[in-house]
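This report refers to the structure that appears directly beneath it.
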Amino acid sequence: MDAWWKSSNAQQKESIVLKRAVAYYRHSAEIGQENSVEIQSDQVRKWASEHGIEIIKEFSDHGKSGLSTEHRDAFNDMIDNWVKKRDDFEFVLALDVSRWGRFQDIDLSAVYCSECKKHGKQVVFTTIGIPKKDDPLYPVYLAFERYRAAQYSRELSEKVFKGCVKVAQQGYRPGGPPPYAFHRMMLNEQKKPDRILQPGQRKAIQNGRVVLVPGNPDHVAIVQEIFILFVEKSLNERQIAGVLNQRGLFSPAGRQWSDASVVNVLTNQQYAGAVVYNKTSRKLKTPIRYNPRDTWVITPGAYDPIVTPEVFTRAQSVFDARKRRYGREELLKRLTGLYEKYAIITSALVKESPDAASPATYCARFGSMSRAFQQMFTGALKKAKDYVASEIGRSARLIDEHEDFLVVNQNFTILIQPSVPIPCGYDTYWEFRPDQRASVDITLGVPLSSQEHGEILGYVALPRLTVRNSAFRLTSTNDALIEMHGYSGLQLIKDIMDGGNTHG
């Protein structure tokens, strides 16, 4: 028979029950190898062994960003299929807070810890250890570590951006896929051509650089033809797209050419041999943002162009001339010229005029042709609006101007909307657009007798709660509309102030 002490120790060893855990490791290429999955695993296993914890499952995301859980398949598998569905372990181990994630919203880090806690598992960061029960300093320290993890990504993002700016200023490509008709050429450490990089392939030399070189000869010829048709033949982008599509040629997206895809080629300075960087930005998983042109990093003459800088400059001159032509003031000036010549404005007339933009341009800029016509007479509109506001103010106890409407006696709101008569064949009409904002109670239409210094003919009251039409056209023969909404004076507004009945 064994000695009593041997028997006792054996029984005691058998009675020890290890606590169980799963472990999570994450490594992204941004930080080299000092925190590789293998190193994390060794350190977490050592800590678990020292604290009597058995790791029953390990999850690892290699080369994954910690800014979100997107594409972190192992992390999501751990949460969804182990933390939420199994009850045979009590800890989730990670080396430190940064391996759990570098969430820019630090509350997200806490959310996933809380999700584990809700299902009976405690997240333990082994560099910190298991917190003492009711330790008041642990949440503070944890919040600080989450902030540090997020701040690291912000600082790294800024360093990467500055590095890319420097690379672009030196005439090299900072990154990203090449534009249509280009290849990426990798240069070695002596800045000599090494090889063409295939789609998705990255440079293998740390100190190497990348430049653009003309690619598929057929694509190069298409780009050159686009510029020739635009600059030499004076075809617009729609006509150019039609020419290319008739020949069965595909756009960079592998579809038919469109106005937009042609414009993208014509305005891309890279085709003239310039490095262009920071046109858009998307830092730390935020949505893509289009940056102002004065923030772009442009380095001309960085590599062999597909079109000459002179041809590219001529193309931009065409676009600049369009912008001057289609500015708001210029659009109204040309519309005024048509009205003075023909005493009428119609979409067909505008469309046929070589001096005016298309009706679609006026609708896009002003909302409709009718609203563009109104903007030709802002002086008369402002005079009428000021007069009506003054008359309402005479009867009101208190009147405030807020945004573009009036607040009357802090009780209801009025939007004053004058309208000049719009010629239409042998007749005229006045257009009003009832405002559907919740802050506007009544749109008060004010028809004027003429375009210049017009007298007020009456009032059209359009309450938001009862009028759902997006636009009203008032004519002299529209008796039903006048009967329902028309008033000869401002008695309606005065009655609302007094809480009395209305009179038409």
query: Are any of the residues in region 193-209 surrounded by 13 or more Cβ atoms within 10 Å (Cβ to Cβ) and in contact with an Asp or Glu (Cβ under 6 Å, 6 or more places away or on another chain)?
result: no
- request: Could you grab me the full set of residues in region 58-78 that are free of Cβ contacts under 8 Å to residues at least 40 places away in the same chain and closer than 24 Å to Asp42 by Cβ?
  value: Glu58, Phe59, Ser60, Asp61, His62, Gly63, Lys64, Asp73, Asp77
field: Residue identified as aliphatic (A, V, I, L, M) and in contact (Cβ under 8 Å) with a residue 24 or more places away in the chain among Leu406, Leu398, Leu415
entry: Leu415
query: Counting only residues that are in a strand (DSSP E or B) and of a type outside the set (Val, Ile, Thr), which one in region 246-293 is farthest from Leu156 (Cα to Cα)?
result: Tyr290
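Taking region 304-315, which residues are in contact with a helix residue (DSSP H, G or I) (Cβ under 9 Å, 6 or more places away or on another chain) and closer than 12 Å to Val211 by Cα? It would help to see each step written out before you state the result.
Taking region 304-315 first, the residues in contact with a helix residue (DSSP H, G or I) (Cβ under 9 Å, 6 or more places away or on another chain) are 305-315.
Pro305 - this is the single residue of region 304-315 that is in contact with a helix residue (DSSP H, G or I) (Cβ under 9 Å, 6 or more places away or on another chain) and closer than 12 Å to Val211 by Cα.
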- request: Mind listing whichever residues of region 435-458 are more than 25 Å from Ile344 (Cα to Cα) and either assigned to a loop (DSSP other than H, G, I, E, B) or basic (Lys, Arg) (or both)?
  value: Asp435, Gln436, Arg437, Ala438, Ser439, Val440, Asp441
task: Considering every residue within region 156-165, establish whether at least one is surrounded by 12 or more Cβ atoms within 10 Å (Cβ to Cβ), in contact (Cβ under 8 Å) with a residue 40 or more places away in the chain, touching a helix residue (DSSP H, G or I) at 6+ places or on another chain (Cβ under 8 Å) and of a type in the set (Val, Ile, Thr).
output: no
field: Residues within region 423-434 that are surrounded by fewer than 16 Cβ atoms within 10 Å (Cβ to Cβ) and either assigned to a loop (DSSP other than H, G, I, E, B) or of a type in the set (D, E, K, R) (or both), tallied
entry: 3
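Which members of region 333-347 meet the condition of being over 19 Å from Ala321 (Cβ atoms) and assigned to a helix (DSSP H, G or I)?
Taking region 333-347 first, the residues over 19 Å from Ala321 (Cβ atoms) are 336, 338-347.
Answer for region 333-347, where residues must be over 19 Å from Ala321 (Cβ atoms) and assigned to a helix (DSSP H, G or I): Thr336, Leu338, Tyr339, Glu340, Lys341, Tyr342, Ser347.
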field: Set Ile399, Ile345, Ile414, Ile392: member being in the same structural domain as Ser470 (by TED's automatic domain parsing) and touching a Phe, Trp or Tyr at 6+ places or on another chain (Cβ under 7 Å)
entry: Ile414
message: Tell me whether region 95-102 contains one or more residues that are out of contact with any strand residue (DSSP E or B) (no Cβ under 8 Å at 6 or more places or on another chain) and either buried (at least 16 other Cβ atoms within 10 Å of the Cβ) or touching a residue at least 60 places away in the same chain (Cβ under 8 Å) (or both).
response: yes
field: Any chance Phe89 is surrounded by 15 or more Cβ atoms within 10 Å (Cβ to Cβ), modelled with pLDDT of 85 or more, part of a loop (DSSP other than H, G, I, E, B) and not charged (D, E, K, R)
entry: yes
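The values are calculated or read from the model by the stated rules, or taken from the named source; none is laboratory data. The structure presented is a predicted model; accordingly, all values stated were derived computationally and were not measured. Backbone-built Cβ (ideal geometry, glycine too); neighbour counts: all protein chains shown.
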